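What follows is a short report on a single structure.
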Amino acid sequence: MKRRFAFISAIVFALVIAGCGNSGNNSPATNESANNTTKETAAPEATTAPKKDVTIKMFQFKVEIAEQLNALAEEYEKETGVKVEVETHGGGEDYGALLKAEIASGSEPEIFNNGGYTALVPYMDRATDLSGEPWAKDLLPTAKVPATVDGKLYGMPMNVEGYGLIYNKALFEKAGITEEPKTLSQLKAAAEKLKAAGITPFEATNEWWSMGIHLVNVGLAHQADPKLFIDDLKAGKQTIKGNEAFTQWLDLVDVIFSNAQKDKMTTDYATQVADFASGKAAMMLQGNWTQGDIDKIDPALSLGVLPLPISDEEGTILVGVPNNYIVNSKSANPEEAKAFLNWLVTSETGKKYLTKEFKFIPALSNIETKAEDIGQVAVAIQEKSATALGWNWDMFPDGVTQGFGAAMQEYLGDQISRDQLLEKLDKAVQDIVKQ
């Protein structure tokens, strides 16, 4: 049932960690064909120098790099005289709703984040065509897909990310677990060994986005054709309840939730990461974006990444493009915004921040990465990328994943049954589609 995606090969062969490593998302046929028809546009010889005494605003969601992004903005101002004002909303906040409110208030940030696919549709009247930007020719081909419409690129992919079960190797060793569990039965056995050694197997979180986006996506990714399945869900031709992959997926959910910490209902994202990094649990469902926060607590932790299995077939990690930088054509300074993004991926300062400070796996093939820069979790993601599945949540209209998250929170708190959870996931789709 597992569908392999074209971007994986690009990641595996374009990213070589040992000093020469150049750094995905699943690729719906409609966007893929549009992407394939994109004509290569010759890169301009030089980008127009930004004007002085200009301020551009970036409205962004990635809380993990907020501090580093502010420092990067200061570096840019020193080099160019252009001020970049960064406003961050993420974690437990609903970034999409806040962005809509920001624009409705009359504020038009020069740069904002968007996942592409369906999520990009409401912003097409603002999204600037970036196909001719100097960096566009260096993008991994499939990294372009989420923000490509009719052969034109409307966003710069932020980076490539992956997630699975991050695990503490020392705690596994303490529990006598000598091999990484790859199937669901092996994961269950590992959880039992951890409990027998007095170790909490999983650090869970109550965050709607972690459960409603990342965890639900595991069930979506295991469909034979995720895009077709999602299209049929929206059209009322398919249901999550009764779907074989989602029935199996619930077994994985139960293993995590039933073997998590006692206060899981009150554990937000920051607490989840901090507690895991402090050794309070052996595993957590997260991705390489957590590396920086883990390192702040214990940079000496020895970490690995496990696949997410839903049966006794070997599981996989999930890899994709988390978001895109959109240049707002209705803002005051779109040209300065384009110049900033070009600097971000071409200047030595920008590239240093992307890899060493943000710990990103770049979406561009010409940016080199080293294991000591991007961290153990990203390295483990790269090592398991050959069998990875993709990210599918941005194929839903805004509001669906929030509905997924609310249902998952109820299930986390033992307020609803398995069947009721699946029914509520179906309802979350139809409630938005019928509006």
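The values are calculated or read from the model by the stated rules, or taken from the named source; none is laboratory data. As the structure is a prediction and not an experimental result, all values here were calculated from the model. Cβ sites come from the backbone with ideal geometry, for glycine too, and all protein chains shown count toward neighbours. Accessible surface areas use protein heavy atoms only, side chains included; no ligands, DNA or RNA. Shrake-Rupley method; radii C 1.70, N 1.55, O 1.52, S 1.80 Å.
Positive end of the charge dipole of region 287-435 (Lys, Arg +1 and Asp, Glu -1 on Cβ, about the Cα centre): tell me which of Leu301, Ile381, Asn323 has its Cα farthest that way.
Checking the options against the dipole of region 287-435, the answer is Asn323.
If we count every other residue with Cβ under 12 angstrom of Leu341's Cβ, Lys/Arg +1 and Asp/Glu -1, where does the sum land?
My count for the surroundings of Leu341 gives -3.
Taking 2.2 N^0.38 Å as the expected size of a compact globular protein, what ratio does the Cα radius of gyration of region 155-228 give against it, to two decimals?
Normalised Rg, Cα atoms only: 1.39.
Within 10 Å of each candidate Cβ there may be at most 16 other Cβ atoms; applying that plus a DSSP loop requirement, which GluC sites (Glu not before Pro) in region 368-435 survive?
When the GluC sites (Glu not before Pro) of region 368-435 are filtered for loop state and at most 16 Cβ neighbours within 10 Å, nothing remains.
Students often forget the sequence filter, so: which lysines lie under 18 Å Cα-Cα from Lys144 once same-chain residues fewer than 8 apart are removed?
Straight-distance partners of Lys144: Lys39, Lys152, Lys227, Lys338.
Do you know the relative contact order of region 110-249, to the nearest whole percent, from alpha carbon pairs under 8 angstrom that are 6+ apart?
Over region 110-249, the number comes to 13 percent.
Using Cα-Cα distances under 8 Å and only pairs 6 or more residues apart, what relative contact order does region 201-344 have, in percent?
30
Label 7 Å along Cα→Cβ of Ala71; region 351-384 residues with amide nitrogen under 16 Å?
Residues passing the 16 Å test: 351-360, 373-375.
Give the distance, in whole Å, between the Cα centre of region 72-87 and the Cα centre of region 330-394.
If we compute the Cα centre of each part, the gap is 19 Å.
Mind checking which aspartates and glutamates have their Cα closer than 13 Å to the Cα of Lys384? Skip sequence neighbours fewer than 8 apart in that chain.
Correct list for Lys384: Glu161, Glu180, Glu314.
If you take every DSSP beta bridge whose two residues both sit in the chain, what share of them, in percent to the nearest 5, is antiparallel?
So the antiparallel bridges in the chain amount to around 70 percent.
Provide the per-residue ³J(HN,Hα) series for region 160-168, in order, calculated from phi with Karplus coefficients 6.51, -1.76, 1.60 and θ = phi - 60°, each as a whole number of Hz, with x at glycine and proline positions.
Coupling constants for region 160-168: 10, 9, x, 9, x, 9, 6, 10, 8 Hz.
Taking K and R as +1 and D and E as -1, what net charge do the other residues with C-beta under 12 Å from the C-beta of Ile230 add up to?
Combined, the nearby Lys, Arg, Asp and Glu give -1.
Can you list residues from other chains, or at least 5 along the same chain, whose modelled amide H is less than 5 Å from the amide H of Gln286?
The list, which skips near neighbours in sequence, is Gly164, Ile166.
May I ask which of Lys169/Lys352; Lys62/Lys174; Lys174/Lys280; Lys62/Lys330; Lys193/Lys424; Lys100/Lys264 have a Cα-Cα span longer than 25 Å here?
Beyond 25 Å between Cα atoms: Lys169/Lys352; Lys62/Lys174; Lys193/Lys424; Lys100/Lys264.
Whenever you get a sec, compute what percent of the accessible area on region 192-239 sits on carbon and sulfur atoms (1.4 Å probe).
50
Roughly how large, in nm² to one decimal, is the mean projection of the convex hull of the alpha-carbon atoms in the chain?
Working: hull surface 78.8 nm².
Dividing the Cα hull surface by four gives the mean projection, 19.7 nm².
Given charges of +1 on the Cβ of Lys and Arg and -1 on the Cβ of Asp and Glu, with all other atoms neutral, how large is the dipole of region 247-331 about its Cα centre, in debye to the nearest 20? Intermediate values should be presented prior to the final figure.
Working: 5 positive and 11 negative charges, 85 e Å.
So the dipole magnitude of region 247-331 works out to roughly 400 debye.
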